[in-house]
1. Residue check, Ser171 against (1) over 21 Å from Trp5 (Cα atoms); (2) within 16 Å of ligand 2 (Cβ to nearest atom); (3) free of Cβ contacts under 8 Å to residues at least 12 places away in the same chain; (4) small (Gly, Ala, Ser), all met but one. Which one?
2. Output the residues belonging to the range 158-168 that are outside any strand (DSSP E or B), closer than 17 Å to Glu7 by Cβ and either within 12 Å of ligand 1 (Cβ to nearest atom) or in contact with a Cys (Cβ under 8 Å, 6 or more places away or on another chain) (or both).
3. Give the residue, chosen from Arg155, Arg138, Arg175, that is open to solvent by 90 Å² or more (accessible area, probe 1.4 Å) and under 30 Å from Thr116 (Cβ atoms).
4. Please enumerate the residues belonging to the range 72-101 that are within 16 Å of Leu141 (Cβ to Cβ) and either over 14 Å from the mean Cα position of the chain (by Cα) or in contact (Cβ under 8 Å) with a residue 60 or more places away in the chain (or both).
5. Name the single residue that is nearest to Arg8 (Cα to Cα) among those in the range 174-190 being in contact with a strand residue (DSSP E or B) (Cβ under 8 Å, 6 or more places away or on another chain) and more than 8 Å from ligand 2 (Cβ to nearest atom).
6. Is there a residue in the range 26-43 that is modelled with pLDDT of 90 or more, within 30 Å of Tyr143 (Cα to Cα), of a type in the set (Asp, Glu) and exposed (fewer than 10 other Cβ atoms within 10 Å of the Cβ)?
7. Name every residue in the range 1-21 that is within 12 Å of Ile137 (Cβ to Cβ), in contact (Cβ under 8 Å) with a residue 12 or more places away in the chain and under 16 Å from the mean Cα position of the chain (by Cα), in order of residue number.
Amino acid sequence: MSDMWNERMRLIRFRRKHERSRFRDELRIIPRWLVWTCITVWLIGGTLGCIGNYYSMQHGGDYFPSPDLAGQPVLACLALAGVITAGAFVLSCLLFILGYVYRDAKRRGMNPVLWTLLVLLMSGPYTFIGLIVYLLIRDPLPYTCPQCAASVSARFIFCPTCKCNLRPACSHCQREVADTDKFCPYCGADLDPAKSQSAPPAGDSAS
Ligand SMILES: [Zn+2]
Ligand SMILES: [Zn+2]
């Protein structure tokens with residue numbers, strides 16, 4: 001359990017360190033067909049609603065928003081279009097969030113169906129909590145191996161293509177260290193590559 005937690009925290013640290021996602025680029029992940037479907041449904045719904053409202057007004061039926069607007073079909077139509085647009089906007093936002101989570105989870109190697117369902121279930125009562133939780137704990141994107149440029153998962157320890165060590169470890173105690181650490185946080189060994197590995201003497205790079 002604690003191992004799973006540590007691995008999760010490591011992945012989160014890794015993602016925050018390596019990913020600088022821009023909102024505009026993230027929006028592109030939302031499927032195009034979903035955006036166009038929402039726009040089409042909104043336009044058709046708005047048009048049919050206004051036509052129905054106008055027809056009802058002309059033939060003495062009930063119409064939106066209230067009988068006070070009798071003889072003012074343009075105002076009634078605008079009021080109805082506004083309500084339909086607001087509803088379509090909220091519903092579209094939810095669908096876009098779900099579309100984003102599905103695609104994003106897929107490209108990160110997470111279970112897309114599971115995560116989309118989780119975000120949907122949490123979106124009802126708690127608004128955007130599901131999305132926020134997802135954004136906080138999602139896995140890092142695959143990145144390129146520093147040695148052979150193959151695409152590797154942040155969960156990998158070795159590159160499956162070239163066997164490059166993707167998680168630098170202390171040469172003394174073999175525990176994993178960050179590539180910014182100067183000393184091993186577990187045993188205190190000097191992690192300077194010039195000293196711990198068979199690199200050329202440090203004097204060569206002195207400036
Ligand atoms: Zn590699
Ligand atoms: Zn160590």
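1. Just one mismatch for Ser171, condition (3).
2. Listed by number, the list holds a single entry, Leu166.
3. One residue alone meets the criteria, Arg155.
4. The answer is Tyr100, and nothing else.
5. So the residue we want is Glu176.
6. Scanning the range 26-43, I find no residue that is modelled with pLDDT of 90 or more, within 30 Å of Tyr143 (Cα to Cα), of a type in the set (Asp, Glu) and exposed (fewer than 10 other Cβ atoms within 10 Å of the Cβ), so the answer is no.
7. Leu11, Ile12, Arg15
The values are calculated or read from the model by the stated rules, or taken from the named source; none is laboratory data. This structure is a prediction, so every number in the text was calculated from the model and none was measured. No Cβ is skipped: glycine too gets one built from the backbone with ideal geometry, and neighbour counts run over all protein chains shown. Just the protein is used for accessible areas: all its heavy atoms, side chains included, with ligands, DNA and RNA removed. Shrake-Rupley method; radii C 1.70, N 1.55, O 1.52, S 1.80 Å.
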